[in-house]
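Participant: Handing you a structure now.
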Amino acid sequence: MKVRTRAAVAVSTAATLLATLTTPAFAESDDISRTDRKSPVATGFGGAVATVDADATQVAIGVLRHGGNAVDAAVAAAATLGVTEPFSAGIGGGGFFVYYDARTRSVHTIDGRETAPASTRPDVFVNPATGKPYEFAEARVSGLSVGVPGTPLTWQSALRRWGTLSLADALRPAIRVADRGFVVDQTFASQVGDNRDAFGQFPATSALYLPGGQPPAVGSVLRNPDLARTYGLLARDGVNVLYRGQLAGEIADTVQHPPVASQPTGTWAFPIRPGTMTRSDLAAYTVRFPEPTHVTYRGMDVYSMPTPSSGGSTVGEALNILGTFDVAGMSPTQALHHYLEASALAFADRNRYVGDDTPRSTVDELLTTGFAKERACLIDPAHALAKPVAPGIPDGSYPPCAVAAAGQPNTQGTHTTNLTVADRWGNVVEYTLTIEQTGGNAMVVPGRGFLLNNELTDFNFVPGQGSAPDPNLPAPGKRPRSSMAPTILLRDGRPVLAVGSPGGSTIITTVLQILVNRLDRRMSLPAAIAAPRATQRNTATVQAEPAFLSSPEAAALTGLGHSFVTNPEIGAATGVEFLRGGRLLAAAEPTRRGGGAAAVVRPRDDDRE
């Protein structure tokens, strides 16, 4: 019997998939312009996908159906989101990629976070004329806010390490979506409308997203031939064209000389300031491959992202705190009370200690059970803590309830995207990617069809931790702190659940609340995602969705001392759960952001291709 090596199998699979991707039959059977297949829940076999977008989900399912693995499908979906969800993701941004390898039963990460230019100063967001920090909108819509993009190199690195496709092959479906167009939905049109004045300052952005000076009509087809050509350039010449070649020069020029319209659409209250990013900054960019964060919770291993993300450490610390209580045995009110208090305590420690330069030893100490027990002893079932609470002291010595001096709360932008993919071999990808604010810094690179990020506004503009060092001030080559928390849970080395969300600093609380809902409150994954959300980030008030505020639990929590304000929408999660008998459950939002899209390769085990 002839034995085929893993490499030979990969080559054969890639060749078969490439042939399929380029045939008219694939284009017809996986019609990327259709949105009538959108469903937030799917159960079946052979692989599963959940994203915020029907087109991206169908692209990823097509890749899985025709022999690609989870990494191939994740990159293809992410590239498609760069077309259909361009205000949340794209090659002008960055993100964090978490991968479970079924063959080795191990979890790996890619840090594709954007970096500050080498010329960045700690006071980059302080107006030299006034000595005061810029207004957020002024900092955002400028060249100052742009970090060196990490997304293209993340895609290439993931495919080379774990995929079966080349980047060129993985980009083919997205090129087709950009070239043929996609149907504009209400969420897309509203996002353009919300950015009309900012987008209207730049001719390339206006031409693409403000036809006739107005947002595209719901139901119209939007094409992006410039992005199709840009993806084609990446497919032909590789990502070096963006970091060292023609695209690098065009990105640097856009940052240094913002292409402002002579007759802009709408009004803008601030001068549009140039940035200092150079081609050398782009050439110096690298992705990192750090060890994931790890805690155990309810008998499961929980893996996520380390710094520069605070997602893994903050979710992990909060889970450790909750792990000292029998949350499953509590009333709904007490379960939510403990969730909110654990989140506030973990955020206090995140704000004080976590940034790009935080030593790994400090992150690991934040995730010890001794530190969690010290923090947990502050929680009173009868009364909410006064916020903001002070951070703890992660020094390895834990007398009861020790605290440091109080710092200041910190939040960040709320607009990102997330996708979850599992394949028939049991590999899993949880990937959160972003350009920061909805619409990034509002500048489309002329002739290239993609928006630049405003990721550097995730730095603190001025020190915010009193007399203590602030871990998130700007610095040359530094990566701004993130809250992205792509999370994979294993039991006995095998995947149980993967989940992630967009939402700025509410990502942490969204992922945490979903895990509490699923693991402690015994909700199904779709119900855990759909449940009304509240987010406590060590602030005086708890932001909560309207449906949460109208619940009996909200009234009871108010009686415990929690103070609520309305946030119309928190997060937009996706997830995949591994069920018995080899079944997979994919779940996305039923209504948030217009609803997500979940799909499986085969709804029934006997539905074989």
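The values are calculated or read from the model by the stated rules, or taken from the named source; none is laboratory data. Here the structure is a predicted model, which means the values were calculated and not measured. Note: ideal-geometry Cβ built from the backbone for every residue, glycine included; neighbour counts use all protein chains shown. For accessibility, only protein heavy atoms count, side chains too; no ligands or nucleic acids. Shrake-Rupley method; radii C 1.70, N 1.55, O 1.52, S 1.80 Å.
Participant: Looking at this structure, is residue 118 over 21 Å from the mean Cα position of the chain (by Cα), modelled with pLDDT of 95 or more, under 17 Å from residue 277 (Cβ atoms) and open to solvent by 10 Å² or more (accessible area, probe 1.4 Å)?
Facilitator: yes
Participant: Out of the residues in the range 431-445 meeting the condition of being among the hydrophobic types (A, V, I, L, M, F, W, C) and assigned to a loop (DSSP other than H, G, I, E, B), tell me which one is surrounded by the most Cβ atoms within 10 Å (Cβ to Cβ). Break it down stepwise before answering.
Facilitator: Taking the range 431-445 as the starting set, the residues that turn out to be among the hydrophobic types (A, V, I, L, M, F, W, C) are 433, 435, 442-445.
Subsequent filtering for residues that are assigned to a loop (DSSP other than H, G, I, E, B) retains 435, 442-443, 445.
On the way: 435: 35, 442: 28, 443: 31, 445: 24.
My answer is 435.
Participant: When the range 268-283 is examined, which residues are found to be open to solvent by 30 Å² or more (accessible area, probe 1.4 Å), out of contact with any His (no Cβ under 8 Å at 6 or more places or on another chain) and part of a loop (DSSP other than H, G, I, E, B)?
Facilitator: 268, 269, 270, 271, 272, 273, 276, 278
Participant: Are any residues in the range 301-323 touching a Lys or Arg at 6+ places or on another chain (Cβ under 6 Å) and either open to solvent by 10 Å² or more (accessible area, probe 1.4 Å) or part of a helix (DSSP H, G or I) (or both), and if so, which ones?
Facilitator: Once the filter is applied, which keeps residues that are touching a Lys or Arg at 6+ places or on another chain (Cβ under 6 Å) and either open to solvent by 10 Å² or more (accessible area, probe 1.4 Å) or part of a helix (DSSP H, G or I) (or both), the range 301-323 yields 314, 321.
Participant: Going residue by residue through the range 135-142, is there one that turns out to be of a type in the set (Asp, Glu) and buried (at least 24 other Cβ atoms within 10 Å of the Cβ)?
Facilitator: No, the conditions are met nowhere in the range 135-142.
Participant: So, one more: Being touching a helix residue (DSSP H, G or I) at 6+ places or on another chain (Cβ under 6 Å), in contact (Cβ under 8 Å) with a residue 12 or more places away in the chain and part of a helix (DSSP H, G or I) is the filter here, so list the residues in the range 234-247 that pass it.
Facilitator: The answer is 235, 242, 243, 247.
Participant: Applying the selection to the range 21-51, what residues are modelled with pLDDT of 95 or more, open to solvent by less than 10 Å² (accessible area, probe 1.4 Å) and either among the basic types (Lys, Arg) or touching a helix residue (DSSP H, G or I) at 6+ places or on another chain (Cβ under 8 Å) (or both)?
Facilitator: Residues satisfying the conditions are 47, 49, 50, 51.
Yes or no, residue by residue, for (1) assigned to a loop (DSSP other than H, G, I, E, B); (2) out of contact with any Asp or Glu (no Cβ under 6 Å at 6 or more places or on another chain); (3) under 26 Å from residue 185 (Cα atoms):
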| site | (1), (2), (3) |
| --- | --- |
| 78 | no, yes, yes |
| 83 | no, yes, yes |
| 86 | yes, yes, yes |
| 89 | yes, yes, yes |
| 98 | no, no, no |
| 108 | no, yes, no |
| 122 | yes, yes, no |
| 131 | yes, yes, no |
| 143 | yes, yes, no |
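Participant: Turning to a different aspect of this structure: Would you pick out the residues in the range 482-514 that are of a type in the set (Val, Ile, Thr) and either open to solvent by 10 Å² or more (accessible area, probe 1.4 Å) or farther than 10 Å from residue 428 by Cβ (or both)?
Facilitator: Matches in the range 482-514: 487, 496, 499, 506, 507, 508, 509, 510, 511, 514.
Participant: Using the structure shown, decide if residue 86 is in contact (Cβ under 8 Å) with a residue 12 or more places away in the chain, open to solvent by 20 Å² or more (accessible area, probe 1.4 Å) and touching a strand residue (DSSP E or B) at 6+ places or on another chain (Cβ under 8 Å).
Facilitator: On the way: in contact (Cβ under 8 Å) with a residue 12 or more places away in the chain: yes; open to solvent by 20 Å² or more (accessible area, probe 1.4 Å): no; touching a strand residue (DSSP E or B) at 6+ places or on another chain (Cβ under 8 Å): yes.
Considered against the rule, which asks whether it is in contact (Cβ under 8 Å) with a residue 12 or more places away in the chain, open to solvent by 20 Å² or more (accessible area, probe 1.4 Å) and touching a strand residue (DSSP E or B) at 6+ places or on another chain (Cβ under 8 Å), residue 86 comes out as no.
Participant: Of everything in the range 254-267, what is out of contact with any Pro (no Cβ under 6 Å at 6 or more places or on another chain) and surrounded by fewer than 17 Cβ atoms within 10 Å (Cβ to Cβ)? Give them in sequence order.
Facilitator: Of everything in the range 254-267, those that are out of contact with any Pro (no Cβ under 6 Å at 6 or more places or on another chain) and surrounded by fewer than 17 Cβ atoms within 10 Å (Cβ to Cβ) turn out to be 257, 260, 262, 263, 266, 267.
Participant: Go through (1) under 20 Å from residue 87 (Cα atoms); (2) under 27 Å from the mean Cα position of the chain (by Cα); (3) not polar (S, T, N, Q) one by one and return the number of the condition residue 213 breaks.
Facilitator: (2)
Participant: Quickly run through the range 348-385 and pick out the residues that are surrounded by fewer than 19 Cβ atoms within 10 Å (Cβ to Cβ) and within 19 Å of residue 464 (Cα to Cα).
Facilitator: The answer is 357, and nothing else.
Participant: Within the range 152-164, is there a residue that is out of contact with any Gly (no Cβ under 7 Å at 6 or more places or on another chain), open to solvent by 30 Å² or more (accessible area, probe 1.4 Å) and more than 27 Å from residue 285 (Cβ to Cβ)?
Facilitator: There is no residue in the range 152-164 that is out of contact with any Gly (no Cβ under 7 Å at 6 or more places or on another chain), open to solvent by 30 Å² or more (accessible area, probe 1.4 Å) and more than 27 Å from residue 285 (Cβ to Cβ).
Participant: Take the range 180-224 and flag every residue that is open to solvent by less than 40 Å² (accessible area, probe 1.4 Å), more than 21 Å from residue 593 (Cβ to Cβ), modelled with pLDDT of 95 or more and not aliphatic (A, V, I, L, M).
Facilitator: 200, 201, 202, 205, 206
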